[in-house]
1. With assigned to a helix (DSSP H, G or I) and more than 15 Å from residue 7 (Cβ to Cβ) as the only criterion, which of 81, 50 stands out?
2. Would you say residue 87 is touching a residue at least 24 places away in the same chain (Cβ under 8 Å) and either within 17 Å of residue 59 (Cα to Cα) or more than 14 Å from the chain's Cα centre (by Cα) (or both)?
3. Which number in (1) modelled with pLDDT of 95 or more; (2) surrounded by fewer than 18 Cβ atoms within 10 Å (Cβ to Cβ); (3) farther than 16 Å from residue 122 by Cα marks the one condition that residue 49 misses?
4. Which pairs do you get when a residue that is farther than 16 Å from residue 89 by Cβ, found in region 114-133, comes within reach of a residue that is outside any loop (DSSP other than H, G, I, E, B) and at pLDDT below 90, reach meaning Cβ atoms under 8 angstrom, with the pair 6+ apart or on two chains?
5. Take the residues in region 1-24 that are assigned to a strand (DSSP E or B) and touching a helix residue (DSSP H, G or I) at 6+ places or on another chain (Cβ under 7 Å); name whichever of them is nearest to residue 72 (Cα to Cα).
6. Any residue that is more than 16 Å from the chain's Cα centre (by Cα), modelled with pLDDT of 95 or more, surrounded by 12 or more Cβ atoms within 10 Å (Cβ to Cβ) and outside any strand (DSSP E or B) - is there at least one of those in region 25-45?
């Protein structure tokens, strides 16, 4: 099975722009977190959302092109083929609207925690199945 691609659009607002006149790097990470959270909530279902939480272990970002004020941004995400115990890789590609090439590519590693105990928890197969086409 192939991982589902989840897509959202974001506007570039004045508050997103840094002193160089383009989107600040931290905004790309915010979009990556926002889409990861939205994807999780959309696919996991209420029971799993209440039972587990995710924390970021690492982000790696490759910046390929600048986005600027007024750009329409499309953000696409999917999870890695399979989790590794309690961790699961996530890929985020950020595009300027209409572009074929991503402006930014982010690879993140997330760890699953039990929402009550905050202890690391293996990603269950039932959850993996919900993120595959």
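1. Selected residue: 50, the only one of 81, 50 that is assigned to a helix (DSSP H, G or I) and more than 15 Å from residue 7 (Cβ to Cβ).
2. So residue 87 passes the test.
3. (3)
4. 133/3
5. 10
6. In the first step, residues of region 25-45 are kept if they are more than 16 Å from the chain's Cα centre (by Cα); the result is 45.
Checking the rest, the ones that are also modelled with pLDDT of 95 or more come to none.
No, region 25-45 contains no residue that is more than 16 Å from the chain's Cα centre (by Cα), modelled with pLDDT of 95 or more, surrounded by 12 or more Cβ atoms within 10 Å (Cβ to Cβ) and outside any strand (DSSP E or B).
To keep it simple, each residue is scored yes or no on (1) at pLDDT 95 or above; (2) assigned to a strand (DSSP E or B); (3) buried (at least 17 other Cβ atoms within 10 Å of the Cβ); (4) under 14 Å from the mean Cα position of the chain (by Cα).
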residue	(1), (2), (3), (4)
55	yes, yes, no, yes
58	yes, yes, no, yes
61	yes, yes, no, yes
66	yes, no, no, no
75	yes, yes, yes, yes
92	yes, yes, yes, yes
102	yes, no, yes, no
112	yes, yes, yes, no
118	yes, no, no, no
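The values are calculated or read from the model by the stated rules, or taken from the named source; none is laboratory data. Since the structure is predicted, the reported quantities are computational estimates derived from the model, not experimental observations. A quick note on method: Cβ atoms are made from the backbone with ideal geometry, for glycine too, and the neighbour counts reach across all protein chains shown.
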